[in-house]
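I have placed the structure first, in the form of structure tokens, so that the comments after it can refer back to it.
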Amino acid sequence: MPIEDLLKNVGVDFQEDSVHEEIMKCVGCGLCLPYCPTYREVGTEMASPRGRIALAKEYFDGKLKITPRFAEHLYLCLECLACETACPSGVKFHRIMEPAREAIKKNLERPLWDRMVRDMVFKHIFPYPKRLQLLAGFLRLYQVSGLQWLVRKTGLLRSISESLEETEQMLPPIQPKALRDALKEVTPPLGGRKQYRVGFLSGCVMNLVFTPINLATVRVLARNGCEVITPRFQKCCGALHLHNGETDIARQMARYNIDIFEKLQLDALLVNSAGCGSALKEYGELLKDDSRYAQKASAFSQKVKDISEFLVEIGFVKPQGAIYRKVAYDDPCHLIHGQGIKFQPREILKSIPGLELVELKESDWCCGSAGIYNITHPELSMRLLDRKMAHVKATGADLLATANPGCILQLRWGAKRAGLKMDVVHVVELLDQAYSKELE
Amino acid sequence: MDKKSLIDELAQIVGVENVFHEPEDLITYQYDAYLSRAMPDFVVFPTTTEQVSKILKVASREKVPFVARGAGTGISGGAIPVKGGIVVALSRMNKILEIDFESRRARVQPGVINLDLSHAMKDKGFHYIPDPASQQSCTIGGNVAENAGGPHCLAYGVTTNHVLGLTVVLPNGEIIHTGGKALDYPGYDLTGLLVGSEGTLGIVTEIIVRIEHRPEAVKTLLASFSSMLDAAKTVSAIIASGTIPAALEMMDKPAIEAVEAFAHAGYPVEAAAVLLIELEGLKDGMDRLAKKIVEICQSHKAIEVKVAQNEQERMQLWKGRKCAAGAIGRICNKYYLHDCVVPRNKLVAVLSEIYQIAEKYQVQVANVFHAGDGNLHPLVPMDMSDRDQVERALRAGDEILKCCIQAGGTLSGEHGIGLEKNELMPLIFNEADLTAMKKVKAVFNPEDLCNPGKIFPTPGRCLEVTQRPR
């Protein structure tokens, strides 16, 4: 086509803001498409990273209004960030998606019930650890009182909606210990010699549902010469908020957590939840325009390390106790794509005597958990889960390891759906087990 | 027929969930990997040949233009709906229908991703050879439309040499079959005609391709040079020696730097050019062959020749090459990826002219290309915030193409003409050549509803006619 026509058509435009800066990095080559789980399942350009960027660009260029359909397309994204790993041009996709979702939140009139539920969860529960604990208390009451048994027996929820029933069934047993504060604020290093002073972000879901994983994490750290500080009044990391357009609340919680951990003089700040780790490592980016916090936030983010990343970095103590099982490892998206951590969890698993690590096909593929995706998009989430479980089954493993609470819940449910009798555990639990077997 | 009734009719064919027509849907079907864009009116997702046939019957009855689309990774604008109308998206026709190892054939739907086909046969040691740099994303249907090439086409031929039969829906909705699993069908070679017809003669809905056993031994070498010209001379020397490597790729300094920043493939950033050479064959004799190639490189002043020691190192070297274009995206916010061919003995002369052109227009140029075939891919980075720079980049691109043609080359090696170079066709074809092609098109696509606005220059435009040296 003639150059004059092309010049008119390519739209030579460029706005100087951080979203446009990111958008313009996309050259439109389409190499991300096959790595996007939703594109693979749905097959439409709107369900692909390139399509989402095109839509976001139209909005940020002022050429498209935010409509329910626009929101539908952008919320179909899992934010698994597989596209970031695939992108040769280095587009940080989440830096486009998060502002786009924030704009949706601000500009789209959602139905009242939807707003109420979202406000309840994002504004009134998650930012407050005590309320979260209270909610967990109610859930536990529901689980142990026989009410759960009754609801399941009568199929009450199915009569409302099948996905609601599915969600209820995925509900993990709330740990009684979580209702007290299970973790001590200061755990001394085992054997007395302190090599590192580390902070531990105990996480909201991890803390309530997976108390044993948190306890295992702290034991493993203590065994590796760490004094572990777990501040009692830390807050949710804000990942959930960021992914749902509640950027302002995420920023508030980030500032709070920075203040809490900053004064502790830590060598590192550790996380055992991939999703939280990914969000904490982005605090620097999140608060870059906050003159008071920008510098603190970036210093904070640099200290954040995933548990497996840290253990491998310090040359963790190789366990002597054996676990005679065959294990497959499933990469949490926010570990492999969000933080680029791939070999460290595998190295930990390989270090355990007796444990046979088998490779899982598409282990870098989202399991469909994706924050609250399995609640908001149950159908697609289950398709992704079934795809995952088929690969898991093919490995012949009797144990599935991963490193994120959402994934553990989803994969446990997946194992049940697929009729697989296998445990789904966190990598650090296995290391802890191997250490404890040394004493036997 | 109004828009609403047309939507209803399309929905009856493919189901309402497979017809899209809202602006928020259509925006994402304006583009492929080329620079231009145009908005369609509908996007439909058929899953069978019969559905495609019904869609085209409706379209031709209502005189609505239509264009087939695979993954939208084409770089000549082949999938851009310049006249609006229907985008027939084939991404859900992505089944591998049959793999017949005994007769070495596979039958696939057009939406199958190129690399997926090879992955599906990996355990049996087979693969599908044509390997465009975008093979992780692009579809076999798109490859057929554009007659796609790739690094390994040097030794094994381009897509057309690997396609043996097609099921095609003609623009009027009729379904025809060409070729088949056997070799050499009688009658006109319509398969040959349709491959590379850029979606202007019909929509391909099934493809029979040749599959091959993977070679017993593969050796991949990376030779680096302190001048582009030494590298180019090495290419000629290798070919002249009688050895045809499976692939023989070249990259220049800007390309190497961009790739290293992304892929960390172990390319020497201080080199002015590298050659990526892949040898395939039997285990016996492979070392001798590799040694011969190393010697040729060394006698042409190679600074270093690295031989991949294992599969991982090999994949790493290839990752660098395959991601090159995208990686250029790291040094600019858009690029113009060219595709032109020159006779191999003109490589050195044309490359130096390309650098001169870049200098004249004050633009950068990175070269990543199939040196063995003389198929150049100059990449011109563009800054979309600077209209003047974009215009210079585009003009430089035009001049590069003309320079290749002057050297006895041609307009496109493997990307197709599409929307990108249709106005330049008179540079290599005279009136009679183009008329012959137009007549063929008229037989299949008399009303020009099937991918209009592609390949041929816009009628009535003032054309620049230069006679190509033959």
Worksheet item: How many angstrom separate the Cα center of the range B:173-213 from the Cα center of the range B:360-380?
Response: 32
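Do the sum for chain A: with -39,500 (n - 2.57) for every DSSP H run of n ≥ 4, divided by all residues, what is the mean residue ellipticity at 222 nm, to the nearest 500 deg cm²/dmol?
Calculated at 222 nm, the ellipticity per residue is -15000 deg cm²/dmol.
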Worksheet entry | For chain B: Kirkwood Rh in Å [reciprocal of mean 1/r, alpha carbons] | 23.1
Worksheet item: Could you give the nm distance between label points at B:Phe101 and A:Glu359, where each point is 7 Å from its Cα heading toward the beta carbon?
Response: 2.0
Worksheet item: Whole-Å semi-axes of the range B:266-378's equivalent ellipsoid, largest first, each the root of 5 times a Cα gyration tensor eigenvalue?
Response: 28, 18, 13
Worksheet item: If packing is taken as the mean number of other Cβ atoms within 10 Å per residue, what is the order of B:221-234, B:370-383, B:299-312, highest first?
Response: B:370-383, B:221-234, B:299-312
Item to complete: Give the peptides A:402-413, B:7-18 in descending order of average Cβ contacts within 10 Å, highest first.
Response: A:402-413, B:7-18
Worksheet item: What FRET efficiency, computed as 1/(1 + (r/R0)^6) with R0 = 45 Å and r the Cβ-Cβ distance, is obtained for B:Ala217 and A:Met120, rounded to the nearest 0.05?
Response: 0.10
Item to complete: Mind checking A:17-25 for the average number of partner chain beta-carbons within 10 Å of each residue's beta-carbon?
Response: 2
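Rounded to the nearest 20 debye, what is the charge dipole size of the range A:3-107 about its Cα centre when +1 sits on each Lys and Arg Cβ and -1 on each Asp and Glu Cβ?
300
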Worksheet item: Under 14 Å from the Cα of B:Lys54, which aspartates and glutamates turn up, not counting those fewer than eight places away in the same chain?
Response: B:Asp8, B:Glu9, B:Glu62, B:Glu174
Worksheet item: Whose amide H sits under 5 Å from the amide H of A:Leu269, counting only residues 5 or more places off or on another chain, with H placed in the peptide plane?
Response: A:Gly199, A:Val304, A:Lys305
Worksheet item: What does a probe at A:Phe343 reach in the range B:282-319, counting residues whose amide N is under 17 Å from the point 7 Å along Cα→Cβ?
Response: B:309-317
Discussion item. Quick check on packing: order B:386-398, B:423-435 by the mean number of other C-beta atoms within 10 Å, highest mean leading.
Written reply: B:386-398, B:423-435
Worksheet item: Picking from A:Glu109, A:Glu282, A:Glu246, which is most flexible by a Gaussian network model of chain A using Cα springs under 10 Å?
Response: A:Glu109
Fill in: Over the range B:1-77: Kirkwood hydrodynamic radius from C-alpha pairwise inverse distances, Å
13.2
Worksheet item: For the pair B:Lys57 and A:Lys393, what calculated FRET efficiency results from E = 1/(1 + (r/R0)^6), where r is the Cβ-Cβ distance and R0 = 51 Å, to the nearest 0.05?
Response: 0.70
Item to complete: Specify the inter-centroid distance of the range B:390-449 and the range A:364-397, based on alpha-carbon positions, in whole Å.
Response: 47
Response to the item:
Taking R0 as 35 Å and r as the Cβ-Cβ distance between A:Thr376 and B:Lys124, the FRET efficiency 1/(1 + (r/R0)^6), rounded to the nearest 0.05, comes to 0.30
Response to the item:
Extension length gain for A:Glu185 and A:Gln295 (0.36 nm per residue less Cα distance), in nm, is 36.9 nm
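Considering only DSSP states other than H, G, I, E and B, which trypsin sites (Lys or Arg not before Pro) in the range A:186-239 qualify as loop sites with at most 15 other Cβ atoms within 10 Å? Walk me through the intermediate numbers first.
On the way: sites: A:Arg193, A:Lys194, A:Arg197, A:Arg219, A:Arg223, A:Arg232, A:Lys235; in loops: A:Arg193, A:Lys194, A:Arg232, A:Lys235.
When the trypsin sites (Lys or Arg not before Pro) of the range A:186-239 are filtered for loop state and at most 15 Cβ neighbours within 10 Å, A:Arg193, A:Lys194, A:Arg232 remain.
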Worksheet item: Can you give the mean number of other chain Cβ atoms that lie within 10 Å of the Cβ atoms in peptide B:27-39?
Response: 6
Response to the item:
A convex hull over the alpha carbons of the protein assembly as shown yields, per residue, a volume in Å³ of 187
Worksheet item: What fraction of the DSSP beta bridges in the protein assembly as shown is antiparallel, stated in percent and rounded to the nearest 5?
Response: 65
Worksheet, complete the sentence: Under the helix-only model (-39500 (n - 2.57) for each DSSP H run of 4 or more, divided by the residues of chain B), the mean residue ellipticity at 222 nm, to 500 deg cm²/dmol, is -10000 deg cm²/dmol
Discussion item. Taking θ = phi - 60°, what integer Hz values does the Karplus form 6.51 cos²θ - 1.76 cosθ + 1.60 yield along the range B:4-20, in sequence order, with x for Gly and Pro?
Written reply: 4, 5, 5, 4, 4, 5, 5, 5, 5, 6, 10, x, 5, 6, 10, 10, 10
Worksheet, complete the sentence: Site B:Lys253, offset 7 angstrom along Cα→Cβ, radius 11 Å on amide nitrogen, limited to the range B:312-337, gives none
Fill in: Rg followed by Dmax, in Å, when the range A:257-400 is reduced to its Cα trace
17.9, 54
Item to complete: About the Cα centre of the range B:96-213, how large is the charge dipole given +1 on each Lys and Arg Cβ and -1 on each Asp and Glu Cβ? Please answer in debye to the nearest 20.
Response: 180
Practice prompt. Could you work out, residue by residue across A:41-50, how many beta carbons of other chains sit within 10 Å of that residue's beta carbon, and then give the average as an integer?
Written response: 6
Worksheet item: Which shape class, rounded, prolate or oblate, goes with the range A:116-271 when its Cα gyration tensor gives a ≥ b ≥ c as root eigenvalues, a/c under 1.5 marks rounded, and past that a/b bigger than b/c marks prolate?
Response: oblate
Worksheet entry | Percentage of interatomic Cα-Cα distances in the range B:96-238 larger than 27 Å | 28
Worksheet item: Of the residues A:Leu31, A:Leu384, A:Leu400, which exhibits the maximal mean-square fluctuation in a Gaussian network model of chain A defined by a 10 Å Cα contact cut-off?
Response: A:Leu31
Worksheet item: In a GNM of chain A with a 10 Å cut-off on Cα contacts, which of A:Tyr59, A:Tyr39, A:Tyr329 has the highest mean-square fluctuation?
Response: A:Tyr59
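Readers should treat all values here as calculations from the given coordinates under stated rules, not as data from a laboratory. Please read these numbers as outputs of a predicted model, since none were measured by experiment. FYI the Cβ positions are ideal-geometry reconstructions off the backbone, even for glycines, and counts take in every protein chain you see.
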